[in-house]
1. Could you sort Met31, Met72 by their accessible area in this structure, using a 1.4 Å probe and putting the largest first?
2. Using the Cα gyration tensor of segment 43-98, with a ≥ b ≥ c the square roots of its eigenvalues, what is the shape: rounded (a/c below 1.5), prolate (a/b larger than b/c) or oblate (neither)?
3. Accessible area of Phe45, 1.4 Å probe, to the nearest 10 Å²?
4. From the backbone phi of segment 97-111, what are the Karplus-calculated ³J(HN,Hα) couplings (6.51 cos²θ - 1.76 cosθ + 1.60, θ = phi - 60°) in whole Hz, Gly and Pro given as x?
5. Set the Förster distance to 30 Å, then compute FRET efficiency between Glu68 and Asn12 from the Cβ-Cβ distance, nearest 0.05.
6. Determine the alpha carbon to alpha carbon distance for each of Lys84/Lys109; Lys49/Lys109; Lys11/Lys49 and list only those over 31 Å.
7. Per DSSP helix of 4 or more residues, -39500 (n - 2.57); summed, then divided by the residues of the chain. What does that give at 222 nm, rounded to the nearest 500?
8. When the accessible area of the chain is computed with all protein chains present and a 1.4 Å probe, what percentage of it is carbon and sulfur?
Amino acid sequence: MGMTEYRGKVKNIQDTPFGYTLSVIGGKWKMVIIYLLAENEPVRFNDLKRQIGAITYKILSSQLKELEGDGMVERKEYPQIPPKVEYRLTEKAKTLLPILEGLCEWGAKNQHP
């Protein structure tokens, strides 16, 4: 179902597939997290924090929990001391990667006018 099928019918953006997609990947950090997991999975929490840089531990933790809740990220905890936790993309998240690739291609074409 594409955007044209909703033209003139949208009363609330959250009721559309586009709204659902934005709820899953919207915000400042979720697509960055998905991109980094796609490039390097599995990734430990501190490695992810280091790669992103400007994100706080609290925000990274909440974004990962939201992505996990939406079925986009899988969290694996190892029973050891110190605790070891790894994150990876789910199969559902991997279906989003061609779209992210398209965004990268768009950026490459339009970054330097």
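1. Met31, Met72
2. Oblate is the answer for segment 43-98, as a/c is 1.5 or above yet b/c matches or exceeds a/b.
3. Solvent-accessible area, nearest 10 Å²: 50 Å².
4. Listing the rounded values in order: 4, x, 5, 5, 4, x, 5, 5, 5, 4, x, 5, 6, 10, 5 Hz.
5. After rounding, the FRET efficiency stands at 0.70.
6. Lys84/Lys109; Lys11/Lys49
7. So the calculated ellipticity at 222 nm is -15000 deg cm²/dmol.
8. Carbon with sulfur: 56 percent of the solvent-accessible area.
The values are calculated or read from the model by the stated rules, or taken from the named source; none is laboratory data. What you are looking at is a predicted structure, and each value in this text was computed from that prediction instead of being measured. FYI the Cβ positions are ideal-geometry reconstructions off the backbone, even for glycines, and counts take in every protein chain you see. Quick note on the areas: whole protein, heavy atoms, side chains included, nothing else; ligands and nucleic acids left out. Shrake-Rupley method; radii C 1.70, N 1.55, O 1.52, S 1.80 Å.
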